[in-house]
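Down below is the structure, laid out as structure tokens.
Just so it is clear, none of the values below were taken in a lab; they were calculated from the coordinates. Because the structure is predicted, anything quoted here is derived from the model rather than measured. Glycine also receives a Cβ, built like all others from the backbone with ideal geometry; neighbour counts cover every protein chain displayed.
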């Protein structure tokens, strides 16, 4: 009995892994013997927009970074369409949290976008005229064409976020992973970013974003992953984004999280 | 000044000074952008123990043994710094301070305890080199530049530093984009599949090579000064990476030429009779250039 | 062409391990040597304590810029004293000059880091190399002066206690004692400023002035230590003891005390060693002694030492793997990681094909119950604080009282077995 059930599970599992552009199994990450993410299984649905939601310190960013191998997990496996993610990095574009780069670095906006095309040109290749035009068009999609020659430190927070989204666009990936893309940006930027993300979905690409504003989850996203060190719930917003699951993820902090979200959006 | 005096006595030290300055300034640009300026400091301090140990093993001062010893010492230093930082959870500045002082102290003691009387190897040489002694005795004037027999008598340090500079230029040209991307945003570079730790280590090895080849001719002081001052001054001139590297080369050359000339002839102009240390003067000039750009460079201010 | 200063000792040192070393350690080696060893020990304590504050402020290498920046001051002081007709080797004069140029160097670092876009590390590197380079230029000038041949300034580079005058030894012992006294007086504000600058400011401590005092002490230690340790290596006395001390305690006040003790110990042993081998430069001996203490601390200290950390990490990782594996078994999921399976097998909890043994089933249902309790506790506002102690391994019995657990169990419902 046990044997049969297991083999059915195994078949279904193999199917899930093959069809998911981002499947995480048993991921545990710990800083100094305190797990930031513990034994998390996630199966992201292809062609959908998924929000990763949870309180501060729930391990949302850590989950993304560990899944991408930027930080080393204690255990766990991550696959893209059934293949180890390390071999499929060229199909992934990652937009880190804004604070993680040196804003004083001597690069212009357009130089940053062109970094997104590195994989296309390769080590020795140089950017062609068409490549440069493509970089400009990516900048156009986020409404930043006029800023191409600015040094990146001279932009506002929202503008910087748009530049990093444009760099991801230039990567022409199948899976877009964004870490708090709406944190600290102005309303115009938030609108511009969500428009671009929805257009990516319309093109059949998969979008996963760490998100902190509970009020906009149903409006922006199809699916949700509720996280608080462990996975609390995962699935379509209608079934997974429930009062009960939110209570489990946020505990006593739910009221505060709501208030903050209301303050942000209102 | 006549060619008969200038070419044999000044031409080759001048060229060696220029090559060494540029060879250090090029990787220095990336070191300062990575907040690793003091890795340059650490590397130049550990070159001495590397050379001493290589000498103790090889028994002679051969260029190859010296290069290998110094490069190995630089790698060991970086590994120790990284180990103390990561496993001991100590901030990088303090970890560097522990490692390079210890290795330098070890080098000095080894040198004092071993019999190196027959060879030209001592602490003073390690600190400020002896650029002035790298003369070209086979030269008789400008015509010697076209005389194969005379050219064969050029100091071997010249060929060594030229070779290393050539290597650095080629590697920089080849790996410019990966280096630039991983310096700017290491996390992103990792998601591109770039081997970020290898790139970081590669930069250290290149810096160590530059330090060893330059050290041989000009001593650690110039090495540290050229790793840091020209790139730092260049950063205050422009907001573009390519331009910054170009400015740093210009500043390095200006420091080397002006420093050498001032050291050799400056005292004579003000009535003195002896020249002063060229290595020290080159470092001093690079500091003056940095001071000027810090006061008036167009991009000297931080934006944020 | 210029002849360069020869720093190397010409004679071979005496072999170590002779009875003189013990005499030196116990201050029985003549009045001067005793004074110098005593002064070095006091200086080592002061350096360890001062260096701790610098280390907490993450500015350890600022001291490197300060110490290298002393060279032009020493050389200029020599030139000025000689041209005024005094003895250029006058130690108080040389030290005053070194303090002046060290202060200039420190100012240059602060100015570059705050007024331009350069970072502090670049400013430190620029200042130390440029000041040192300029110092070398001045040294070559001194060599050409008539009185410059026996200037003896090279002793300042690597430290030397050989042939020290009585007055110099007194100056160093007095300077060491003074530095230690000042550290003792100002330790409270420096501790607060380095531990939590914002809080210190709120408590009415003038941060700028405290920083100034801290840097002043670093300068003082550097200047007093120049003759013994030398300007290239004096930073080691400010950096290595605090870093070593950090491994022995997580409490800042204890780190400071331990650093002082380790600094004093390094200087005492090192200076004694150099009294025995007067032809060896003193600085390197002291630095290597300090490093030996550091290496021992890094490896063997309890808590933060590498040995203990490695063992703990391994234990933790295995614990996590076993627990994850048990949760998977309890929920009838396959186990993917070879390490997890190996560990379960080794403990007799699972068979090679990933099926749970009887023992494994029992353990798995206990783990599942524990997980369920944690989960419920997290959703309960009253237990949230306790639930934050979840680390994937701690049993909830260790955190909550029996009553609280009963309360949780009532909410969960009756125990379930492992369902296939």
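Listing for the model above:
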read-out: Ellipticity estimate at 222 nm from DSSP helix runs (n ≥ 4, -39,500 (n - 2.57)) divided over chain B, nearest 500; value: -25500 deg cm²/dmol
read-out: Label-zone membership for the range A:191-214, site residue A:83, 7 angstrom Cα→C-beta point, backbone N under 18 Å; value: A:205-206
read-out: Segment residue A:19-residue A:222, extension gain: residue separation times 0.36 nm, minus the distance between their alpha carbons; value: 71.4 nm
read-out: GNM top mover of B:16, B:181, B:221 - chain B, alpha-carbon springs below 10 Å; value: B:181
read-out: Mean residue ellipticity (222 nm) of chain A, computed from DSSP H runs ≥ 4 via -39,500 (n - 2.57), nearest 500; value: -12000 deg cm²/dmol
read-out: Ranked list, fewest to most other Cβ atoms within 10 Å of each Cβ, for A:114, B:91, A:8; value: A:8, B:91, A:114
read-out: Estimated FRET transfer efficiency (residue B:170, residue A:121; beta-carbon r; R0 22 Å; 0.05); value: 0.70
read-out: Per-residue Cβ neighbour rank within 10 angstrom, fewest leading, B:174, C:349, C:94; value: B:174, C:349, C:94
read-out: Ratio of Rg to Rh over the protein assembly as shown (Cα coordinates, Kirkwood Rh, two decimals); value: 1.02
read-out: 10 Å binning of all Cα-Cα separations within the range B:48-200, expressed as whole percents from 0 upward; value: 9, 24, 30, 23, 11, 3, 0
read-out: Likely footprinting exposure, A:117, C:191, fewest C-beta neighbours within 10 Å first; value: C:191, A:117
read-out: Estimated translational D of the range B:3-303 in µm²/s (Stokes, Kirkwood radius over Cα pairs; 4 °C; 1.567 mPa s); value: 65 µm²/s
read-out: Debye intensity ratio in log₁₀ form over the Cα atoms of the range C:46-90, taken at each q of 0.30 Å⁻¹; value: -0.97
read-out: Cα-based convex hull, chain A, per residue volume (Å³, whole number); value: 152 Å³
read-out: Geometric extent, Cα atoms of the range C:307-412 - Rg, Dmax (angstrom); value: 15.1, 44
read-out: Crossing angle, helix C:306-330 versus chain C [Cα axis fit, 0-90 degrees, rounded to tens]; value: 20 degrees
read-out: Projected area averaged over orientations for the range C:17-301, convex hull of C-alpha atoms, nm²; value: 15.5 nm²
read-out: Cα-projected label distance for residue A:9 with residue C:407, points at 7 Å along beta-carbon direction, nm; value: 3.4 nm
read-out: Fully extended contour minus Cα-Cα distance, from residue C:318 to residue C:198, at 0.36 nm per residue; value: 39.1 nm
read-out: Per residue, the convex hull volume that the Cα atoms of the range A:1-88 enclose (Å³); value: 120 Å³
read-out: Hydrodynamic radius of the range B:9-55 per Kirkwood, over alpha carbon pairs, in Å; value: 12.4 Å
read-out: Cβ-Cβ FRET estimate between residue B:143 and residue B:114, R0 fixed at 45 Å, reported to 0.05; value: 0.50
read-out: Residue-averaged 222 nm ellipticity for chain C, from DSSP H runs of 4+ at -39500 (n - 2.57), nearest 500; value: -23500 deg cm²/dmol
read-out: Using alpha-carbon coordinates, inclination of helix C:358-378 to the longest axis of chain C, degrees; value: 70 degrees
read-out: Whole-Å distance, taken between Cα centres, linking the range B:4-62 and the range B:254-299; value: 19 Å
read-out: Radius of gyration and Dmax over the Cα atoms of the range C:227-357, both given in Å; value: 24.4, 75
read-out: Length gained when the stretch residue A:154-residue A:90 is fully extended (0.36 nm per residue, less Cα-Cα span); value: 20.0 nm
read-out: Cα long-axis angle, helix C:402-412 against chain C (0 to 90 degrees, to the nearest 10); value: 60 degrees
